[in-house]
């Protein structure tokens with residue numbers, strides 16, 4: 001299903017079916033929900049590749065998607081007076 005271990009951004013994005021830019025924007029340092037040290041790992045220099053834990057990223061994306069959908073459902077119920 002997904003790569004085991006840590007992979008470069010281009011591989012992680014391809015496996016997740018998203019762009020590299022979108023993936024990088026999901027990092028906590030960019031206001032996203034992916035946490036450094038858990039979902040991604042920086043290299044020791046500014047030019048090192050970011051390494052990604054693809055199964056952990058996929059799981060977190062699924063969780064956040066579920067939360068968004070549940071929120072929309074609740075908002076719709078409130079708007080309908082429910």
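FYI, it's all coordinate maths here, none of it is from the lab. Predicted, not measured: the structure shown is a model, and the values here were computed from it. Quick reminder, even Gly has a Cβ in these numbers, built from the backbone with ideal geometry, and neighbours come from all protein chains shown.
Descriptive notes on the structure:
- Scanning the stretch 52-79 for residues that are in contact with a strand residue (DSSP E or B) (Cβ under 8 Å, 6 or more places away or on another chain) and not in a strand (DSSP E or B) returns 53, 54, 57, 60.
- Selection status of residue 12, in contact with a strand residue (DSSP E or B) (Cβ under 7 Å, 6 or more places away or on another chain), assigned to a helix (DSSP H, G or I) and in contact (Cβ under 8 Å) with a residue 40 or more places away in the chain: yes
- Candidates in the stretch 25-51 are the residues that are part of a strand (DSSP E or B) and within 10 Å of the chain's Cα centre (by Cα); of these, the one that is nearest to residue 15 (Cα to Cα) is 40.
- Residues that are part of a loop (DSSP other than H, G, I, E, B) and surrounded by 14 or more Cβ atoms within 10 Å (Cβ to Cβ) within the stretch 15-24 comprise just one, 18.
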